[in-house]
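Read the figures in this text as sums done on the coordinates, not as results from a lab. Just so you know, these numbers come straight off a predicted model, no measurement behind them. Backbone-built Cβ (ideal geometry, glycine too); neighbour counts: all protein chains shown.
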Amino acid sequence: MKRLDITQQLLDNKLVVILRTKVEADIPIVLGALAKAGIKVLEITSNTPNFAEHIVNARLQYPDMLIGAGTIMTKELAHEAIEAGAQFLVTPNVSKEVLEYAHQYEVPIVMGALTPSEVVQALTLGADIIKLFPAEVMGIPYLKALKGPYDTLPLFAVGGIGIEEAEDWFEAGIHGLGIGGKLTDLSNGPTGITESARALLSIIDRF
């Protein structure tokens, strides 16, 4: 699949679920619960144990799900992720070397940026989607201010956002969300994850 096609899938789905955990045994449980809910896009972060191996497994087990790698801060991590089959990369910051490496392999980048200068830098480098991070800290008023001069930006808000805030972010004009621990927490069991994910998808369907 080509880079532009994957980017369009990301924009169409409007949601990237972020899987970040230190408990490796939780990964297949969380994945199964998300797949049952109908989640179509997943990011496995590089600071999850054996993240590359889990990208390989997820690609095999859930071929209809778009599987990416997150917290990609170096070319070496980008290489490891792409070798494992990551279909998109997510960075927490602006990184020219990660972007150039990924684009060699037709892999899109969701690039972290916060300030107007960082946003312009990421766009100039050729980022496919801008990840507004950390979004919760800056809030919706900041998004609205940023969208004044950058009203056509493909923006995803990431960092501390939960299901309760999702509707407000979409009403404010965000293109998509990245949601992690507030959705993938296993404290209510896999059924809790499935139910929460379905509730989130029903909100997104309205936009």
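Laid out as a table, the results:
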quantity: Residues within region 18-42 that are closer than 14 Å to A197 by Cβ and in contact (Cβ under 8 Å) with a residue 60 or more places away in the chain, tallied; calculated: 11
quantity: Residue match in region 184-202 (condition: farther than 24 Å from D26 by Cβ and surrounded by fewer than 21 Cβ atoms within 10 Å (Cβ to Cβ)); calculated: yes
quantity: Residue satisfying condition, being β-branched (V, I, T) and either more than 26 Å from A166 (Cβ to Cβ) or in contact with a Lys or Arg (Cβ under 6 Å, 6 or more places away or on another chain) (or both), within set V119, V98; calculated: V98
quantity: Condition broken by G160, with the remaining ones in (1) in a helix (DSSP H, G or I); (2) out of contact with any strand residue (DSSP E or B) (no Cβ under 8 Å at 6 or more places or on another chain) satisfied; calculated: (1)
quantity: Qualifying residue in region 14-31 (condition: small (G, A, S), farther than 15 Å from V107 by Cβ and over 13 Å from the mean Cα position of the chain (by Cα)); calculated: yes
quantity: Failed criterion for Y150 (all others in (1) in a loop (DSSP other than H, G, I, E, B); (2) farther than 22 Å from P108 by Cβ; (3) more than 18 Å from the chain's Cα centre (by Cα) hold); calculated: (2)
quantity: 3 or more residues touching a Leu at 6+ places or on another chain (Cβ under 8 Å) and over 22 Å from L200 (Cβ atoms): qualifying strands (runs of 3 or more DSSP E) within region 27-140; calculated: 109-113
quantity: Condition met for G181 (within 17 Å of the chain's Cα centre (by Cα), within 22 Å of L19 (Cβ to Cβ) and exposed (fewer than 14 other Cβ atoms within 10 Å of the Cβ)); calculated: yes
